[in-house]
Amino acid sequence: MFKDVDLDATSTVLGDEEGGVEPGTASQHPPSSRSGQAPIQSAQPARHASRRITMRGKTSYHFSVKRPRRNVVKRSIATLPRLENIEEEKETLLGIDMTQKRDSGHHPLRAPRVALALFLLVCSAGGYRRFDEYWTSRNAAAETVAKIQAGDITQSFEGSDDGDHRETLMLTAYGYDNFTEAAHNIEDAPTILFDETVVAPEELSHLVNVFREQYNPTQNKLFLWHIPRSGTTTIKRIASYCMGLTLASEAGKSEVSRGPSQELQIVEGLDGMHFASVDLSNPEGIELAKVLNVGQSERVDLVSSPYLWDSAGLFDEVHKGYMVAMFRHPIERAVSLYYSMRKKTQYEKQVGSLTSIEQYAKSSLVENNWMTRFLSNTLSGELTPQHEAIAKEVLRTKCLVGLLREKTETMRRLEVLFNLKAKESSKRREECQEKLLYWDWPGKNRHEPVTGGEAWDILYKHNTFDLRLYEYAEQLFEAQGKLFQNTPSAW
């Protein structure tokens, strides 16, 4: 029924057009009994059909593979066109001559390349401009230092150089905020606000520039700016009680209450302190002191008041005031003020109901940037960066800074000034000073410090300007220390 097929005869093998095997289809012929022979496959196999084949008297069955799909174009890898030929075929099919398009400047990568080039050009230009500004500022600083050393700008005190400080809050005259370089000449680094140099107000011109003018005890009058709860009361007591200096401050309030006087009187207190018959704790009392020529009187050694701008009018061009101030951290000062008021009967109505520092911080009694306001003469209203800049410039040029946290070093510096007018013996001064300064501090009140929490946050918001100003005062304190390296000969 079936015709025998000789294995040696040529058989028709199904495959692709080039003789390859369709990928994914493997031959399912059983292995030939003769090595090196290809398996036999029907020329037209039916789907899932079998065909009986008689080989040399033996009957075997051959199972055909699944018939391949028709209308599928098959190409071997060898017949695939090269990559560049594919692009050419695409161009030919689309009818586009890309050679002409490239020549016409419409290459698809040209726009991003141009944008990248422009971006790099802008970045390089900005970097060059920044470098040029830095280099110009550096050269300007070098020229300024050279002028200072040559004496063209100002004469510093003999044997004194300026210490390091951290001028980070405002730009200085050097034009950059690199405080490590600007710190070396703080006295010649005026405050800059909106590219304009801030100068000390003309109303304070009768106060000595502490960096440019030496203290002259025969002409200058010591002026102690009174910042509440900062140690100023102790300094005044040391100057008056321990060193015998005559004081014009609020101490003469009792004398003024008896009636206005037509001439200045010096009163001796029960504790041996000497004070003038004036009250400088208010503007009205300062006006009376102007009439009595307190600033020019040789009988007064030390003037003290919280009203800086009003008190500056006590002095003139010949008898200038030499300003000194004690500074304390604003939040510590605010806390100390609250507990101090709690102990005084005259403030019982105001703070009697405020049983905690949190309540005081939320009340209308809490101070708001006290130092900045009095230095810029803005006792009410909103503060601006301009007020802060004025306050800093006044401190820089007009104030010898003392710090409560550095009271030993502060007192060492102030002794240089006080000793020039001291009337008591040195031994008594030392004993008295040590007593008041270290273990019998006047007005001391013990309380728990406020280091965080709600009260701290509220007080911080009320003293943002003062906190920055206090940091600047710390920098000035470090810088002014070089003025006292060779004391007392430097004075």
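The values are calculated or read from the model by the stated rules, or taken from the named source; none is laboratory data. Just so we're clear, the structure is a prediction, and the values are computed from it rather than from any experiment. Here the Cβ is made from the backbone with ideal geometry for all residues, glycine too, and neighbour counts use every protein chain on show. Side chains included, ligands, DNA and RNA excluded: accessible areas come from the protein's heavy atoms. Shrake-Rupley method; radii C 1.70, N 1.55, O 1.52, S 1.80 Å.
Of note:
- The spread of Cα positions in the range 236-299, taken along each principal axis and listed from longest to shortest, comes to 29, 24, 19 Å.
- The slack in the chain from Thr464 to Lys444, taken as 0.36 nm per residue of separation less the alpha-carbon distance, amounts to 4.6 nm.
- Sulfur and carbon atoms: percent of accessible area, the range 332-491 [1.4 Å]: 47
- Cross-link check: pairs Lys236/Lys423; Lys344/Lys407; Lys349/Lys392; Lys407/Lys482; Lys236/Lys290; Lys398/Lys461 evaluated at a Cα-Cα cut-off of 24 Å; pairs beyond the cut-off: Lys344/Lys407; Lys349/Lys392; Lys398/Lys461.
- Full-stretch length increase - Leu420, Glu284 - with 0.36 nm per residue and alpha-carbon distance subtracted: 45.9 nm
- Ligands, DNA and RNA left out, the accessible area of the range 185-251 computed with a 1.4 Å probe is 45% carbon and sulfur.
- R0 of 45 Å, Cβ-Cβ distance Arg212-Lys343: FRET efficiency to nearest 0.05: 0.55
- Each of the peptides 445-454, 198-207 was scored by the mean count of other Cβ atoms within 10 Å over its residues; in descending order, highest first, they stand as 198-207, 445-454.
- Surface calculation, 1.4 Å probe, protein heavy atoms: Phe374 sits at approximately 30 Å² accessible.
- A 1.4 Å probe run over the protein chains yields, for the range 183-248, 36 Å² of accessible area per residue, whole-number rounding.
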